[in-house]
1. Thinking of segment B:228-296 as a set of Cα atoms, what percent of all their pairs are more than 16 Å apart?
2. Find the percent of Cα-Cα distances in the protein assembly as shown that exceed 42 Å, and round it to a whole number.
3. So if I take the alpha carbon set of segment A:123-175, get Rg, then get Rh from the Kirkwood formula, what is the Rg over Rh ratio?
4. Between B:GLN435 and A:ALA85, what is the label-point separation in nm under the 7 Å Cα-to-beta-carbon projection?
5. So who's got an amide H within less than 5 Å of the one on B:ARG276, skipping anything under 5 residues away but keeping other chains? H placed 1.01 Å off N, in plane.
6. Under 20 °C and 1.002 mPa s, how fast does segment A:174-287 diffuse according to Stokes-Einstein, given a Kirkwood radius computed over C-alpha pairs? Answer in µm²/s, whole number.
7. May I ask you to evaluate 6.51 cos²θ - 1.76 cosθ + 1.60, the Karplus curve with θ = phi - 60°, for each residue of segment A:379-386 and list the ³J(HN,Hα) values in order in whole Hz, giving x for glycine and proline?
8. Please identify which residues in segment A:103-144 have an amide N closer than 11 Å to a label point set 7 Å out from the Cα of B:ASN137, following the Cα→Cβ vector.
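The values are calculated or read from the model by the stated rules, or taken from the named source; none is laboratory data. Source: prediction; values computed, not measured. Note: ideal-geometry Cβ built from the backbone for every residue, glycine included; neighbour counts use all protein chains shown. Accessible surface is based on the protein model in full, side chains and every heavy atom, while ligands, DNA and RNA are left aside. Shrake-Rupley method; radii C 1.70, N 1.55, O 1.52, S 1.80 Å.
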Number of protein chains: 2
Amino acid sequence: MRESWATSGSDLHLELAGQRSKTGLEQALRAAVRREQLTAGARLPSSRQLAEDLGLARNTVAEAYGQLIAEGWLTARHGAGTWVAERTPVSVTAEPPARTAHSTVDYDLSPGVPDLSLFPRAAWLAAARKALSAAPNDLLGYGDPRGVEALRVALAEYLGRVRGVVTTPERIFVSAGFAQGLDAVCQVLRDRSTQTLTTEAYGLPLHRSIISARGLQIATTDVDADGADVDSLGDAALLTPAHQFPTGVSLDPGRRRRAVERGTLVIEDDYDGEFRYNRAAVGAMQALAPERVVYAGTASKSLAPGLRLAWLALPGHLVDDVVEAARLGGRLPGAIEQLTLAEFIASGSYDRHIRRVRLIYRRRRDQLVELVGARDLRITGIAAGLHALLEVPDEERIVHRAAAQGLRLRGLRNYAAPGRTGRPAIVVGYARPPQHRLAETFARLRAALP
Amino acid sequence: MRESWATSGSDLHLELAGQRSKTGLEQALRAAVRREQLTAGARLPSSRQLAEDLGLARNTVAEAYGQLIAEGWLTARHGAGTWVAERTPVSVTAEPPARTAHSTVDYDLSPGVPDLSLFPRAAWLAAARKALSAAPNDLLGYGDPRGVEALRVALAEYLGRVRGVVTTPERIFVSAGFAQGLDAVCQVLRDRSTQTLTTEAYGLPLHRSIISARGLQIATTDVDADGADVDSLGDAALLTPAHQFPTGVSLDPGRRRRAVERGTLVIEDDYDGEFRYNRAAVGAMQALAPERVVYAGTASKSLAPGLRLAWLALPGHLVDDVVEAARLGGRLPGAIEQLTLAEFIASGSYDRHIRRVRLIYRRRRDQLVELVGARDLRITGIAAGLHALLEVPDEERIVHRAAAQGLRLRGLRNYAAPGRTGRPAIVVGYARPPQHRLAETFARLRAALP
């Protein structure tokens, strides 16, 4: 930041409410520092520059600076410039509590986030450079609310090839994360007089909150070893067929068929569909009935949640309304990140990345299975995904024992629908720890287990 | 895309529903091509690779490929690989109309979008590289719903310095565009039993749609040469004090004071506040009453709308609820673009960019003023911003005359609130044309004027 004013070309806005004089300027500068408009260490414009901006004589500004330096508000180094002096900052008012801050944990096996150290930074930047160099100017404007066309084309091809999704670029809707897509679909369902949406007995509390916030009632269906019970689904349902979250079971083929044959509109949350470790792939349920299933995928597990990129493959009858709902809510991810992902997929980098991390996660899963096998504990949901379910005799006790060692574990009860207690089990997000801390993280898990 | 399978590492998902045999594989491949899961020109895995993935003998796969090549489904080049043959694609179903498509216009002076050819691509990429190289892994996870901290720090400093906004990083909320921030604030106001939000007699129809969609009634206040009439504001209002959109007038200082003294919660849409051409800067109204004004800024005019980056400086009593509303709606811009903007601001690149384009836009404004001066037409709103208001005797006739020459103009009536007719005037968005087309665009404007 300590570059010359001329090259940095900073702007400073000052209200000269009183006289346009040395005293008036001094008052304005003091006020700016006092209310932290100018913060400690901030560089001031040169006296020449500020004089020009304010229409004052240069000497007036230089003298005002001199006075404030004398008073300790500013500091100067000869020939180098003028800065706001370091002082204890005083807040304007009390700050709201930082309710979103997390306490730091040293080791973490809670599910939902992949190993962020595996994010392919260099390849991503290379794709960004290539995409931004090639993009016509128009793509930097207010774009198609469905998402950048190049990305929708790449996704339609990718999803068909890898997940068996039946779609076209015209039916893809790019959103900034699955939550946003879910919100838009719920809004449309509500507008079409859907009253109730069925969710699985275990799932993310955030998803239930989104559904409720859009005015839909929530019904709950049981989950067993064959996945969700589909015989009680109503008009609409949110399911995780490939790898139930968080129990990890896969929805039985017969149940898949029965679900769509009922006429239920299914939102298929395929959050980790790329990560299957066993030979028999489980394709997307959407292929059974593209007009009755909203397929939802995301880059949050395959790349990183921070990208805020996800996608829906929509039934034709929902496209217009979902896009309009999204437009009204201003739900549009950035064009550059969309173009980058399009390039990343089309160049094959995405496939390469998936293969690389899938191998890493499979090895971790094998280590985990070996670790818990030695304790005679039952582990399920290991055929796919980034987490597994570990059945334990006393969930709460193990979570506490782990916490005492700096290891965060999440019990299944955290994901149980209201009114359901849940079996005692730990949801082990083995994909989360960075590679270099995995051994130590697993060692702590081992120590916490009975 | 024509690289080797081994390096591209593509995935292919196939359902072998029937027998796991040559015939079963052929059927699955035919079905995949038929429903465009595999599209014309898509490359197939090598027979070795697919055999491994499916647990079949390599010969089985090779024979199935041979059969489909004979049938014309696939094509092969010796030693180079196998591709899906070119054929007329058949859509699954009829496509929804592309309602968002714009007809192409050659010349465009409609307001709302800056010259996208001025977007600093190289500097932006350099900032992205620097930001992504330095970012800790955690920032790629699910981040703080208010936005990345580094960006909130940079924005609080920038907004205080340049716009006189009184805020702290804890009160900044980063959204993916102003529409998204407005949507979140409206949601909170509605939840707090606000019934009505006042908008200006002229403004963006999209903003009115967002307010209505959140269940708020819309009241309308007049706009004259001193800006909005603030003496009839109710509980809440959306105003554009620095440069009224689209009439271009600035809100009178006395009216600013009266607006906040009434206790109205003002949403201050400062969409082009960086672009002021006259010496006397008009600071943000928010500084008068940081607890009663939601300040809203955006990168859509200063950089590009496609970035989808905007920010609110919130009163303390709104922070928690706006953040929670945003979290439920999944309103979060991407971490990499936020980190990039933070770096772009902190390094001084943002200030440099603003100074550069401000000079360009000021020259254009001067040209425009000269052009219309020759016709004895009145032009207003030229002290700031990226558009001006040109009073004309017959708005519709001029818009049509321009259209006949391939020039898009927008009349003031397009921005009038329902029930208001609007004076005959053209809103000239002189910032929109790319530099190399400006002369020709202005020539067509000249020809269309009376």
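1. Values: 938 of 2346 pairs.
Considering segment B:228-296, 40 percent of its Cα-Cα pairs are separated by more than 16 Å.
2. Summing the P(r) of the protein assembly as shown above 42 Å gives 39 percent of all pairs.
3. Details: Rg = 12.5 Å, Rh = 12.2 Å.
Radius of gyration relative to Kirkwood radius: 1.02.
4. Computed distance between label sites A:ALA85 and B:GLN435 equals 4.4 nm.
5. B:GLY385
6. Details: Rh = 14.3 Å.
The calculation lands on 150 µm²/s.
7. Per-residue couplings from phi come out as 10, 10, x, 9, 6, 7, x, 10 Hz.
8. Residues passing the 11 Å test: A:108, A:114-119.
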